[in-house]
Amino acid sequence: METIISKNDYFPKLFRVIVIASHFFRQVAIGFVKRPVATSLKRFAWLIAVVLVLISSPLAHAHFKLNNSIRIIQIEKRTDSLLLSMRLPAPLAYTEYTTSENELENTKPIPYVFSTLEKGQLVHYLDKSAIKENNVEFAKFIMEGYRLELDGINLSGEVIDLQVFTSNKQTRFTNRKEIKTSFNVEWLFQTDEPQYVGDAVIDIRVRYSTTNTNGEIRFSNVLVSHIPQDKIIANLFITYDGEKQLITRATGQLSEPIVLNPSQFNTIKSFIFHGFEHILFGFDHVLFVLCLTLGNVSLSGLLWRVTGFTLGHTITLIAGFFGYTIQSDWFIPMVELMIAVSIIYVALVAIRKKDGTHTTFFITSLIGLLHGFGFSFLLSDLLGKDSPHLVTSLLSFNIGIEFGQLLIVSLIFVGLISLEYFKPAIKNFCSNALAISSMLISGWWILQRSENLINAI
């Protein structure tokens with residue numbers, strides 16, 4: 001997420017950075033050159049710093065851009081209602097009014113916002129007086145962009161609390177006690193200074209009356225968003241059921257509903273699909289299984305080697321997910337590089353047609369260990385360590401991978417048998433063509449991934 005420092009603290013921080021950098025620069029220079037030259041270099045550094053301030057100062061006025069990229073949604077189950085407490089960066093309430101450059105457009109009135117020119121640049125403020133006079137309507141305007149569903153039914157809520165903070169003065173908002181503290185602040189805005197949209201966070205509490213709080217809860221954002229896709233928005237969901245707490249994490253605008261209390265059946269179904277989808281659309285894993293199938297001349301040998309691959313990637317998928325891996329920056333690109341190398345290895349075995357020591361159960365198990373780390377990188381993006389039904393999710397993801405793997409193996413093996421029966425002369429040609437094509441693709445990946453590895457070291 002691009003971070004733009006607020007106007008209030010941008011220049012003091014920048015000034016401290018300049019002072020520290022100039023003194024460091026001077027001390028380093030004294031060690032290599034005479035003091036008069038070092039002093040001149042220090043002055044030159046100050047000149048460059050001033051120029052940088054003048055160039056970058058307009059950034060401090062981009063007060064609609066997301067300075068805070070975290071949205072927190074907490075839902076508490078009560079006997080007769082669901083109580084939703086949400087903190088969101090104010091710009092997320094105005095995604096329908098933004099341009100592709102992530103700035104407010106000027107073609108139509110913007111609710112509860114007024115704009116003014118400052119030093120030739122348009123700056124956007126929350127309209128404090130309008131919000132204070134119509135705080136309930138303002139909160140309803142915010143919540144119009146969100147939908148809370150219970151068992152597929154859209155719930156209608158009642159706004160009961162509202163608070164607005166400047167981002168650098170906000171209270172904590174990660175548990176029920178901190179939420180209570182946030183809404184116990186006695187006034188809506190904590191200062192009389194103008195409130196830039198980009199420097200504001202909004203806290204809202206809404207009650208949804210319902211006699212059934214045990215159904216499946218879904219939360220989504222229904223606003224049209226013009227915020228660029230590369231602007232990552234982190235979302236933290238905390239669901240309370242008595243003393244039990246479930247945490248869910250997601251990134252993005254939430255245009256697709258997020259299930260906050262998934263049933264075990266839905267968890268199994270979802271992660272089987274994710275695992276199946278990953279191996280089918282993970283082209284490097286597809287090529288490996290393809291070449292492994294091409295290089296085996298018997299069904300029993302193929303099943304034995306596929307079992308070894310499955311065992312290997314299951315171990316490291318789980319180990320990688322729980323963080324039992326090397327944490328250095330070079331580890332992920334190294335794994336990706338070695339996966340490409342493993343494809344070339346099994347492709348060469350397929351071309352040589354030696355179904356023996358080159359792809360034993362032991363060797364494919366070792367290669368499976370490598371691919372399992374690759375699977376774990378994706379799983380870590382889908383599943384948190386504190387997610388509900390954790391063990392079920394891990395097993396389901398791995399089962400999905402096996403389904404996809406068996407589908408690839410079955411199609412290729414049946415295709416090879418059919419060619420051998422009907423067109424035996426073409427079988428070897430097709431097998432070699434697929435293996436050589438896989439080698440060429442993997443060779444290109446090796447070049448790309450080697451560069452990534454070098455950059456990470």
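Restricting Lys423, Lys427 to those that are assigned by TED's automatic domain parsing to the domain that holds Phe273, surrounded by 12 or more Cβ atoms within 10 Å (Cβ to Cβ) and free of Cβ contacts under 8 Å to residues at least 24 places away in the same chain reduces the list to Lys427. Suppose the filter is crowded, with 18+ Cβ neighbours inside 10 Å, touching a residue at least 40 places away in the same chain (Cβ under 8 Å) and in the same structural domain as Pro91 (by TED's automatic domain parsing); does Ile202 pass it? In short, yes. On the stretch given as the stretch 170-189, residues that are in a loop (DSSP other than H, G, I, E, B) and surrounded by fewer than 16 Cβ atoms within 10 Å (Cβ to Cβ) total 8.
Could you look through the stretch 190-211, keep only residues that are part of a strand (DSSP E or B) and among the charged types (D, E, K, R), and pick out the one that is nearest to the chain's Cα centre (by Cα)? Give the derivation first.
Here is the first cut: in the stretch 190-211, the residues part of a strand (DSSP E or B) are 196, 200-209.
With among the charged types (D, E, K, R) added as a condition, the list becomes 203, 205, 207.
Values: Asp203: 23, Arg205: 26, Arg207: 29 Å.
Looking at the filtered set, the residue picked out is Asp203.
Residue count for the stretch 74-110 under the criterion of being at pLDDT 90 or above and farther than 30 Å from Thr248 by Cβ: the result is 0. Please go through the stretch 148-169 and give me each residue that is farther than 20 Å from Ser263 by Cα, in contact (Cβ under 8 Å) with a residue 40 or more places away in the chain and part of a strand (DSSP E or B), ordered by number. Residues satisfying the conditions are Glu158, Val159, Ile160, Asp161, Leu162, Gln163, Val164, Thr166. Number of residues in the stretch 252-265 that are in contact with a strand residue (DSSP E or B) (Cβ under 9 Å, 6 or more places away or on another chain) and part of a loop (DSSP other than H, G, I, E, B) equals 9. Quick one: would you say Ile268 is part of a helix (DSSP H, G or I), more than 18 Å from Leu150 (Cα to Cα) and over 20 Å from the mean Cα position of the chain (by Cα)? Spelling it out, Ile268 is indeed part of a helix (DSSP H, G or I), more than 18 Å from Leu150 (Cα to Cα) and over 20 Å from the mean Cα position of the chain (by Cα).
The set of residues in the stretch 379-394 that are surrounded by fewer than 20 Cβ atoms within 10 Å (Cβ to Cβ), hydrophobic (A, V, I, L, M, F, W, C) and at pLDDT below 75 contains only Leu382. Hey, does the stretch 244-251 have a residue that's at pLDDT below 90, surrounded by 15 or more Cβ atoms within 10 Å (Cβ to Cβ) and part of a helix (DSSP H, G or I)? Scanning the stretch 244-251, I find no residue that is at pLDDT below 90, surrounded by 15 or more Cβ atoms within 10 Å (Cβ to Cβ) and part of a helix (DSSP H, G or I), so the answer is no.
The single residue among Ile153, Ile142 that is at pLDDT 85 or above, under 16 Å from Met86 (Cβ atoms) and not polar (S, T, N, Q) turns out to be Ile142. Here the condition is being more than 14 Å from Gln405 (Cβ to Cβ) and out of contact with any Gly (no Cβ under 6 Å at 6 or more places or on another chain); of Leu292, Leu299, Leu303, it holds for Leu299 alone. Inspection of the stretch 325-340 finds a residue satisfying the criterion of being surrounded by fewer than 19 Cβ atoms within 10 Å (Cβ to Cβ) and small (Gly, Ala, Ser).
The values are calculated or read from the model by the stated rules, or taken from the named source; none is laboratory data. Everything numeric here is computed off the predicted structure, so don't read it as measured data. FYI the Cβ positions are ideal-geometry reconstructions off the backbone, even for glycines, and counts take in every protein chain you see.
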